[in-house]
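Step one of this worksheet: look at the structure below.
The values are calculated or read from the model by the stated rules, or taken from the named source; none is laboratory data. This one's a predicted model, so the numbers in the text were calculated from it and none came from an experiment. In this analysis, Cβ positions are derived from the backbone assuming ideal geometry, glycine residues included, and neighbour counts consider all displayed protein chains. Protein only, heavy atoms only, side chains kept; ligands, DNA and RNA dropped before computing areas. Shrake-Rupley method; radii C 1.70, N 1.55, O 1.52, S 1.80 Å.
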Amino acid sequence: MRQLVWYWLPPLAWMVLIFATSAQAQLPEVGGPESPWDPVAHKAAHVVVYAVLAGLYYRLLGQFRLLPDDRSWLAACLTILYGLSDELHQLLVPGRCGRLADVGVDALGLAIAMLAWTALERRRLRPPQRAGAR
């Protein structure tokens, strides 16, 4: 039960949050109507939201004892698949439209997360250096 709550619940809850947000007919505007910051804020939100999702998938996959590179690829595939399904979902929501370009922005977020996670894993798996060695 602990594994279910600790590893599986966070990515599932995050996916539900993404789904609920995508189900809204209109998202709040940033900076008021016709603000140039609105599209920037929405794209930045895509990057952050999908970086978190990719990180949660990476963390979940860690319990299967995969190598960091294998975990990264699998987490990336899961993230892209969810991003695609989210854009398809938006096609069914009145007032929303699904965009393939948004999946590309999602991929930027996942790339940032995977670079960070694999760098941390490689550092953790690196053998300790002897004192005085360079």
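In table form, for the structure just shown:
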| read-out | value |
| --- | --- |
| Spin-label model distance (nm) - Ile112 vs Gln63, 7 Å beyond Cα toward Cβ | 2.8 nm |
| Label-reachable residues, the range 76-114, where backbone N falls under 12 Å from a point 7 Å from Ala25's Cα toward its Cβ | 93-96 |
| Length released on extending from Glu34 to Ala119, taking residue separation times 0.36 nm less the Cα-Cα span | 26.6 nm |
| Cα-based equivalent ellipsoid, the range 1-123: semi-axes from gyration tensor eigenvalues, Å | 28, 16, 12 |
| Angle between the chain longest axis and helix 68-91 axis [Cα atoms, degrees, rounded to 10] | 10 degrees |
| Computed [θ] at 222 nm, deg cm²/dmol, the chain (DSSP H ≥ 4; -39,500 (n - 2.57); rounded to nearest 500) | -23000 deg cm²/dmol |
| Solvent-accessible area of Arg122 with every protein chain in place, 1.4 Å probe, in Å² to the nearest 10 | 130 Å² |
| Length released on extending from Leu74 to Ala13, taking residue separation times 0.36 nm less the Cα-Cα span | 20.0 nm |
| Leu78, Leu125, reordered so the largest accessible area comes first (probe 1.4 Å) | Leu125, Leu78 |
| The chain, relative contact order [Cα under 8 Å, separation at least 6], % | 30 percent |
| Size of electric dipole in the chain: Cβ of Lys, Arg +1 and of Asp, Glu -1, about Cα centre, debye, nearest 20 | 1060 debye |
| Residue-normalised accessible area of the chain, expressed per residue, 1.4 Å probe, Å² | 67 Å² |
